[in-house]
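Notes follow once the structure below has been shown.
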Amino acid sequence: MKRLNALILLTSFSLAITLTAVAQDQETVKGYVIKDKIEVKYSSVKNQHRSGTCWSYSGLALIESDILKNGKPEINLSPMYIARNAYSDKATKYVRLHGSLNFGGGGSFYDVIETIKKYGIVPQDIYTGLNYGEDMNVHGELDEVTKAYVDAVIKNKNRKLSTAWKRGFDGILDAYFGDIPEKFSYKGKDYTPESFANSLGVNFNDYVYISSFTHHPFYEKFIIEVQDNWAFGEVYNLPIDAFMNVFDHALENGYAVAWASDVSEKGFSYPNGVAIVPEANISEMSDSEKSKWTTLSDREKESQLYSFDKPGKEKIITQEIRQEAFDNYTTTDDHGMLIVGIAYDQNSNKYYKVKNSWGTSDKYNGFFYASEAFVRYKTMSIMINKNALPKQISKKLGL
């Protein structure tokens, strides 16, 4: 009996030590410990480098993901083939509108699909778009030269356009990107850009664009008012809860989501690999903590909120908050990426795993994690395969 009591005491003592150690470990954990729960298939991380072509990289990343989902081998499609053709079409529209249009390297997911429908697509190995002495995209000079050219065409003193201006513009594009291949061989087969697009097993009419704003009717289409939507592409409009349901349903069924968002927020931390919308958790503060918080300056409060030392409370994002940020310019359309999964941190907070196009030198080797609040707040629009939509939403949209 004494031996049994001793064993019980020893076991209890060991358990107490273990629980104490676990508690101490949890207290000393710093930063974000995030684990993937759902992950869809995706192609390798790319690097857009010094170019405004995130829209092309992320739009093609969605197509590459769908190709993998369909059971085909990984293929890297050419973002610069898309960009080169989009520059040309954008110049035509810019001149037709006498310069009353945004002109630059930016674009939208809509441009990717419409360019493929019109011009086909080629593999990255066939068309790198690097015909100007660089190993990676560097578009500063290209953007300045092309903008100056179309502006000069519009402002010319002849009072009418020549028949040469477009050939001259496309000549600039060929000089920088290289001539567009009319035919090419790839893995032992001969293709044109159009026949190669057909060989991918992707129905490019299956892609739809969705957003969530109150200044247009829900469950209808509207032309989204962002500067890079030079082609006047339309998006379907959903209430925010239905919109977020689209993300989860798609990922749970193996579909990635092309994601256009604002990453200029303080809550987007490249070094920490997270994007969050923090808020002070005043309800859980002690009286002394509340008293101290109220004495802090705005800068000091901000420093604490954006310390990224551990997960904390995040702002509850409503449809109204989201709309206000769009209306007052605090949410802007500045980056396209690909959402490929769902993850949770050590406090069971939900995140979306995002594949970026800035190379692999960051914390998560080309990926980061956007909190559910951040995605709910800062998403401008998405592109998705319509087969990934929940049936009820698809029916209401007439798809």
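The values are calculated or read from the model by the stated rules, or taken from the named source; none is laboratory data. Not measured: the values here are computed from a predicted model. When we count neighbours, we look across all protein chains shown, and the Cβ atoms used for this are built from the backbone with ideal geometry, even at glycine.
Below, the figures for the structure above:
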item	result
Conditions (1) in a loop (DSSP other than H, G, I, E, B); (2) touching a residue at least 24 places away in the same chain (Cβ under 8 Å); (3) farther than 29 Å from SER211 by Cα; (4) not hydroxyl-bearing (Ser, Thr, Tyr): number failed by ASP135	(2)
Criterion (modelled with pLDDT under 95 and among the basic types (Lys, Arg)) met by exactly one of LYS157, LYS147, LYS117	LYS157
Any hit, region 216-225, residues being under 26 Å from TYR377 (Cβ atoms), exposed (fewer than 14 other Cβ atoms within 10 Å of the Cβ) and aromatic (Phe, Trp, Tyr)	yes
Residue, farthest from ALA231 (Cα to Cα), within region 45-82, restricted to residues that are of a type in the set (Gly, Ala, Ser) and over 17 Å from the mean Cα position of the chain (by Cα)	GLY71
Residue within region 334-347 that is farther than 27 Å from GLY107 by Cβ and β-branched (Val, Ile, Thr) present	yes
Residue pairs meeting the criteria (Cβ under 6 Å; at least 6 apart or on separate chains; first farther than 12 Å from ILE63 by Cα, in region 199-212; second of a type in the set (Lys, Arg))	VAL208/LYS386
Selection status of GLU182, out of contact with any Asp or Glu (no Cβ under 6 Å at 6 or more places or on another chain) and either in a helix (DSSP H, G or I) or surrounded by 14 or more Cβ atoms within 10 Å (Cβ to Cβ) (or both)	no
Matching residues in region 63-104 - criterion: being at pLDDT 95 or above, among the small types (Gly, Ala, Ser) and part of a loop (DSSP other than H, G, I, E, B)	GLY71, SER78, GLY99, SER100
Identity of the residue in region 87-125, farther than 18 Å from LEU142 by Cα and acidic (Asp, Glu), that ends up surrounded by the fewest Cβ atoms within 10 Å (Cβ to Cβ)	ASP125
Residue within region 306-320 that is out of contact with any strand residue (DSSP E or B) (no Cβ under 9 Å at 6 or more places or on another chain) and surrounded by 19 or more Cβ atoms within 10 Å (Cβ to Cβ) present	yes
Selection count where residues are without any contact (Cβ under 8 Å) to a residue 24 or more places away in the chain and either closer than 18 Å to GLY120 by Cα or crowded, with 19+ Cβ neighbours inside 10 Å (or both), scope region 43-86	1
Filter pass, TYR127 being part of a loop (DSSP other than H, G, I, E, B), in contact with a helix residue (DSSP H, G or I) (Cβ under 6 Å, 6 or more places away or on another chain), over 24 Å from ALA343 (Cβ atoms) and of a type in the set (Ser, Thr, Tyr)	yes
In region 70-93, the residues that are of a type in the set (Ser, Thr, Tyr) and more than 27 Å from ILE210 (Cβ to Cβ)	SER88, THR92
Elements of type strands (runs of 3 or more DSSP E) in region 286-399, at least 3 residues being aromatic (Phe, Trp, Tyr) and under 21 Å from the mean Cα position of the chain (by Cα)	367-371
Filter pass, GLY188 being closer than 22 Å to THR92 by Cβ, without any contact (Cβ under 8 Å) to a residue 60 or more places away in the chain and of a type in the set (Gly, Ala, Ser)	no
Among the candidates GLU279, GLU265, residue that is at pLDDT 80 or above, surrounded by 11 or more Cβ atoms within 10 Å (Cβ to Cβ) and more than 19 Å from the chain's Cα centre (by Cα)	GLU279
Unique match (being of a type in the set (Gly, Ala, Ser), within 19 Å of CYS54 (Cβ to Cβ) and in a loop (DSSP other than H, G, I, E, B)) among ALA231, ALA260	ALA231
